[in-house]
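As structure tokens, the structure follows; a few thoughts come after it.
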Amino acid sequence: MLYLLKLEWLKLNKLLSFRLFTLFYFVLLPAILLTGKRIPELPPPLMTNEVFFIFPTVWEYLGYVGNWLCFFFFGFLSIIIITTEYSYRTMRQNIITGLSRRQYFLGKVYFIVAISLVATLYYVLCALIIGSFSTSSIYWHKVWQNVDYIPRYFLMCLGYMSLGLMLGFLVKRTGVALFLYLAYIMFIELILRWGVHLQLIKHRSMHFYPMNAVEDLIPMPFTQMADQFLSQYGFDLFLSPMEASLTVIVYSLIFIGLAYFVVERADL
């Protein structure tokens, strides 16, 4: 595994898009949240901007910021690291020079898992630092009250990147793959869920679409209160954390499995 990760690192650490996307993520994750300090007043039920930065709610708000950043930067990156292999024919070169197709593919999977892990560790670091400086009285149980956001954040990163991985191998062209990635998440899945599924089958199964499950891992924090209210009347806005986690794991495995199927049968 370490050998395959090293090969991926040697190929990608000089790639400009890899450097830019990772830099933007590291800078923007804390920066976007900290801009909340410039907001003097907030409407009910938030009232004060302190809720963005103190324990335990910092996990929720920072995670929601990370949700958008992972959607853009890491989803795009997972596509680009695949499609550039086809553009520069490095996939063919790697296999000719000794890697099996399985090893080549595992290198990509290990790399997106490693990126998801690093992104999650940085999220934890930022949350702990921001929360520690912003919370007046720190209690251990408050710091780790929302600790379940950590594995959910990792699965969120992996969900976006596994979709990008599959599209990269299926489409092979960067522009087309990026377009399909954005179109599916922002338009196509919404049309399928609300315009087709809900009209045909009025059932909460409409929430179990892949990218909706990814988004429900860390939804917009204050909308969860509306979800709790509506759930009393038999209507849920979001999947539960456990439902979302299991759904994302299943879909991620499906995406990775489909990508491997393509690699095994690809014409080099």
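Worth a mention:
- Conditions (1) crowded, with 20+ Cβ neighbours inside 10 Å; (2) among the hydrophobic types (A, V, I, L, M, F, W, C); (3) at pLDDT 95 or above; number of the one not met by residue 176: (1)
Every residue, every condition in (1) at pLDDT 90 or above; (2) in contact with a strand residue (DSSP E or B) (Cβ under 9 Å, 6 or more places away or on another chain); (3) in a helix (DSSP H, G or I); (4) surrounded by fewer than 14 Cβ atoms within 10 Å (Cβ to Cβ), yes or no:
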{"site": "137", "(1), (2), (3), (4)": "no, no, no, yes"}
{"site": "141", "(1), (2), (3), (4)": "no, no, yes, yes"}
{"site": "151", "(1), (2), (3), (4)": "yes, no, yes, yes"}
{"site": "159", "(1), (2), (3), (4)": "yes, no, yes, no"}
{"site": "164", "(1), (2), (3), (4)": "yes, no, yes, no"}
{"site": "185", "(1), (2), (3), (4)": "yes, no, yes, no"}
{"site": "199", "(1), (2), (3), (4)": "no, no, yes, yes"}
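- Hey, residue 62 modelled with pLDDT of 90 or more and touching a Leu at 6+ places or on another chain (Cβ under 6 Å) or not: yes
- Taking the stretch 25-124 as the region of interest, the helices (runs of 4 or more DSSP H) fully inside it that hold 3 or more residues being surrounded by 22 or more Cβ atoms within 10 Å (Cβ to Cβ) and within 25 Å of the chain's Cα centre (by Cα) are 58-69, 75-87.
The values are calculated or read from the model by the stated rules, or taken from the named source; none is laboratory data. Keep in mind that what you see is a predicted model, and the values were worked out from it rather than measured. Don't worry about glycine lacking a Cβ; one is built from the backbone with ideal geometry, like all the others, and counts go over all protein chains shown.
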